[in-house]
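**Student:** Let me begin by handing over the structure; questions about it come next.
Every read-out reported here was derived from the displayed coordinates using simple, explicitly stated rules and does not represent laboratory data. Just so it is clear, the structure is predicted and the values come from calculations on it, not from any experiment. When we count neighbours, we look across all protein chains shown, and the Cβ atoms used for this are built from the backbone with ideal geometry, even at glycine.
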Amino acid sequence: MTKLSVSDLLLKDKNVLIRVDFNVPMDKDSQITDDARIRASLSTIQYVLQHGGRAILMSHLGRPKEGSDPTLSLAPCARCLSKLLGKEVQMAPDCVGKIVEKMAKNLKSGEIMLLENLRFYPAEESPEKDPNFAKQLAVLGDLYVNDAFGTAHRAHSSTVEIARYFPGKAAAGCLMQKEMKFLGEALLQPKRPFYAIIGGAKISTKIGVIRSLLKKADAIFIGGGMAFTFLKAQGIEIGDSIHEDALLPEVKSILAEISHTKTKFFLPEDFVIADRIDKDAQVRVVAADQGIPKGFQGVDIGPKTVQKYIAALQSASTVFWNGPVGIFECSPFAKGTQALAIAISQLSAVTIVGGGESVSAMHQSGVADKITHLSTGGGASLEYVESGSLPGIEALSDAPNQPLYPRLKK
C-alpha cells in the first residue's frame, strides 16, 4: 500500500520530528568533506518550514563506541545546514532529556533544531536495550517524517520503533518518496531488458541481492573485489587478491544455479593486476583463466571485459549499478569503473546507481547529472531490490484513500 507522505500532513504550528541521514564524511579536523547527504534533505526541511512547521532533525553519525564522543558530534552538520538554508539551526546538547524537551517546546514556526548524535545511546541501534528511548524521542514531536532512506533497512529506534508513537502521522519525506518511486517502479517492475552491475569489495554484503537478481534481472555483470571469490570457487589462482573463503560454498552454489536460470551471468574475462595499491605500482593485464600470480592482486576489470560489458549493456532498458568494478580511488585502477560509468550515462535507459562509493564514482567520472537516479542508500537499495521493502518504510503510516486535508492537492 502507498505510504503517507509529508505533503499529506497538516504542518502549521506543529513540531515535525524528521529522521534525516547526516552521516557525512569528515576529515581529522571535523570538517565535512562531502555534504551531499545534507543537501539531499533540503527539500523536506524546506517544505516543512514553508508550511509553518517547526523542524526537529535527528540523525546518527559514525559508530561511537561508548556514549558521547565529541569527534562524532553533529554540530558541524548544524553549521553546514545553516549555511545551506541561510538561517540559524539550533544545535541541541543531546537528543533526549529535559533540556532538549524545553528547546523543542520553545521552537517557533519556521525554526529548526538538530538533535545530537542518536548513536550516543546504545538503544538507537538496539531498541530492546531501552524501549523508553524511542518514546523520549517521540515526545519532542507532533508528527514524524522519515527522510533517511540510507538507514531504512535498519530496525532502529529512530526508524521503526518511534513510528509506533505516531499512528496515522508517520510519513515519508521527499527524498524517501523519490527513492521509493525509482527503486520501486524502476527495479521491482523494470522496463526490460533489466541489467544489474554488481561490484564492490565484499561478496558477503551482496550475496543475497545476487541470488534475488538471478530471478529478476535479464543479465548480471560482476566486478570489483567480489569477482575473485568467484574465480577461486572455479579453482583459478587469484594471487594476493581480496576474497572471502567462507563464502566459497555459497558462490559455488550460485555458479551451479546459473545453469538453471535464464539470466545471463557475466564474470570478468581479464583483469588489471598490480604488485601493490599505489599509483606507481607495477601493473599488467592478465586473462582471468590464466590466473593471477603470487605477489600480485586484481585491482580493476581489464580492457577486454570493459568492451564486452559495454557492448552487452547497449540493449538495456533499465540498469542498476551497486559497487565500483575496481579500486577507483586510485587513478590507475579507475579506468574500468569510469568507462562503464560513461557508457551507461549515454544509454537511452533508466539508470539507477546506489551506494556511496558508486555515486562518488559517477561524480568522479563527470556523469552524475546524466544518471536517472543516484540512490542515497547503498545497503538500503540492495535490500530494497532483494526484498521489495524495508523496515523503515513498513513502519510508516499507510496513506488514506482520500486526502487527509482537502486543501492539499497532490
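**Student:** Read through the labelled values [x] 1.12; [y] 1.01; [z] 0.98 and report the label of the one computed as Rg/Rh (Cα atoms, Kirkwood Rh) from the structure.
**Tutor:** So the calculated entry is the one marked [y].
**Student:** What does the net charge come to around Glu257 if you take all other residues with beta carbon closer than 11 Å to its beta carbon, with K and R at +1 and D and E at -1?
**Tutor:** Charge balance near Glu257 sits at +2.
**Student:** To the nearest 20 debye, what is the magnitude of the charge dipole of region 190-387 about its Cα centre, counting +1 on the Cβ of each Lys and Arg and -1 on the Cβ of each Asp and Glu?
**Tutor:** 620
**Student:** Tally Lys and Arg at +1 and Asp and Glu at -1 over the other residues with C-beta under 15 Å from the C-beta of Val48: what net charge comes out?
**Tutor:** Result for the neighbourhood of Val48: +2.
**Student:** Which value at 222 nm does the chain reach when only helices count, each DSSP H run of 4 or more adding -39,500 (n - 2.57), with the total divided by all residues and rounded to the nearest 500 deg cm²/dmol?
**Tutor:** It comes out at -8000 deg cm²/dmol, rounded to the nearest 500.
**Student:** So how far, in whole Å, is the C-alpha centre of region 298-320 from the one of region 360-404?
**Tutor:** So the separation of the two Cα centres works out to 24 Å.
**Student:** Going by Cα centres, region 155-207 and region 29-50 are how many Å apart?
**Tutor:** Going from one Cα centre to the other spans 19 Å.
**Student:** Could you give the length gained by full extension between Ser43 and Ala155, i.e. 0.36 nm per residue of separation minus their alpha carbon distance, to one decimal place?
**Tutor:** 37.9 nm
**Student:** Continuing with this model, one more query. If you take the beta carbon distance between Lys279 and Thr372 as r and set R0 to 30 Å, what does 1/(1 + (r/R0)^6) give as a FRET efficiency, to the nearest 0.05?
**Tutor:** So, using R0 = 30 Å, E works out to roughly 0.40.
**Student:** Using Cα pairs closer than 8 Å and at least 6 residues apart in sequence, work out the relative contact order for the chain, in percent.
**Tutor:** Relative contact order comes out at 17 percent.
**Student:** Could I ask something else about it? Once label points are set 7 Å from the Cα along Cα→Cβ at both Ala246 and Ala36, what is their separation, rounded to one decimal in nm?
**Tutor:** Inter-label distance under the simple model: 2.9 nm.
**Student:** To the nearest 20 Debye, how big is the dipole of region 75-214 about its Cα centre, given +1 on the beta carbon of each Lys and Arg and -1 on that of each Asp and Glu?
**Tutor:** Result for region 75-214 is approximately 440 debye, rounded to the nearest 20.
**Student:** Additional query: Ile342 versus Lys65, label points 7 Å from Cα toward the beta carbon: distance in nm?
**Tutor:** Calculated label separation equals 4.5 nm.
**Student:** Treating the beta-carbon of each Lys and Arg as +1 and of each Asp and Glu as -1, no other charges, what is the dipole magnitude of region 6-177 about its Cα centre, to the nearest 20 debye?
**Tutor:** The dipole magnitude comes to about 360 debye.
**Student:** What percent antiparallel are the DSSP beta bridges of the chain, to the nearest 5?
**Tutor:** Antiparallel bridges make up about 20 percent of those DSSP assigns within the chain.
**Student:** Let me ask something else about it. Work out how much length Glu269 to Lys181 would gain on full extension: take 0.36 nm times their residue separation and subtract the Cα-Cα distance, in nm to one decimal.
**Tutor:** 28.1 nm
**Student:** Taking 0.36 nm per residue of sequence separation and subtracting the Cα-Cα distance, how much length would be gained by fully extending the chain between Ser253 and Ala311, in nm to one decimal?
**Tutor:** Going from the current span to full extension adds 18.1 nm.
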